[in-house]
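Only one structure is covered here, and it is reproduced in the block below.
Throughout, read-outs are computed from the coordinates displayed, never taken from laboratory work. Only a predicted model underlies this, so the values are computations on that prediction, with no experimental measurement involved. Heads up, the Cβs are rebuilt from the backbone with ideal geometry, glycines too, and the neighbour counts pull from every protein chain shown.
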Amino acid sequence: MYMGKRILIVEDDEDIRYIICYLLVEMGYEVRLADSISDYRQQQSENPEPDLLLLDVKLPDGNGLDLCLEIKKSPATRHIPVLIMSAHATEHQVVKQACADEFLGKPFDLDDLTDLVKKHLA
């Protein structure tokens, strides 16, 4: 049902990355992983752009909110839905300051994650 949709997960926590990746692959999505902003940039230069981006806020080499704003300001990438995941940021920061499409507070329910992914990739 979901084949062909590409999701890029930018998350520095290996366990969270693995769980989300496993879940989304089981749902039929093509998933790529990045553990930092520099890894995200390399992924973007080497691969087709994702249909959806799952983005953590606290990354080892920068702030996911800044990266989200950069993505949303660029005419080339502003159409990509960005779901921000964070235990530290607030929904207001994410939606208003970073222009994210959705906010998912950590810890989050996996059903909430899959519902948001389905909503944005429908």
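By per-residue mean of other Cβ atoms within 10 Å, what is the highest-first order of 49-57, 108-116? Before the final figure, lay out each step's value.
Details: 49-57: 22.8, 108-116: 13.3.
Packing order, densest peptide first, comes out as 49-57, 108-116.
How much of the DSSP bridge set in the chain is antiparallel, in percent, rounded to the nearest 5? Please report the intermediate quantities before stating the final value.
Numbers: 2 of 19 bridges.
Around 10 percent of the beta bridges assigned by DSSP in the chain are antiparallel ones.
Which ³J(HN,Hα) values, rounded to whole Hz and listed in residue order, are derived for the range 110-117 from phi using the Karplus coefficients 6.51, -1.76 and 1.60 in 6.51 cos²θ - 1.76 cosθ + 1.60 with θ = phi - 60°, glycine and proline given as x?
Per-residue couplings from phi come out as 4, 5, 5, 4, 5, 5, 5, 4 Hz.
Tell me, Tyr40, Tyr22, Tyr29 in order of fewest to most beta-carbon neighbours within 10 Å?
Tyr22, Tyr29, Tyr40
In a GNM of the chain with a 10 Å cut-off on Cα contacts, which of Ala76, Ala89, Ala98 has the highest mean-square fluctuation?
Top of the fluctuation ranking is Ala76.
Check cross-link reach from Lys106 to the lysines: straight Cα distance under 17 Å, and skip same-chain residues fewer than eight apart.
Result set, ordered by chain and number: Lys58.
Under 17 Å Cα to Cα from Lys72, which aspartates and glutamates show up? Leave out anything in the same chain fewer than 8 places away.
Glu49, Asp51, Asp56, Glu91, Asp101, Glu102
Just to be sure I follow: if Rg is taken over the C-alpha atoms of the range 6-120 and Rh is the Kirkwood radius over the same atoms, what is Rg/Rh?
Ratio of gyration radius to Kirkwood radius for the range 6-120: 0.91.
Could you please rank Met85, Met27, placing first whichever residue has the fewest other Cβ atoms within 10 Å of its Cβ?
In increasing order of surrounding Cβ atoms, one gets Met27, Met85.
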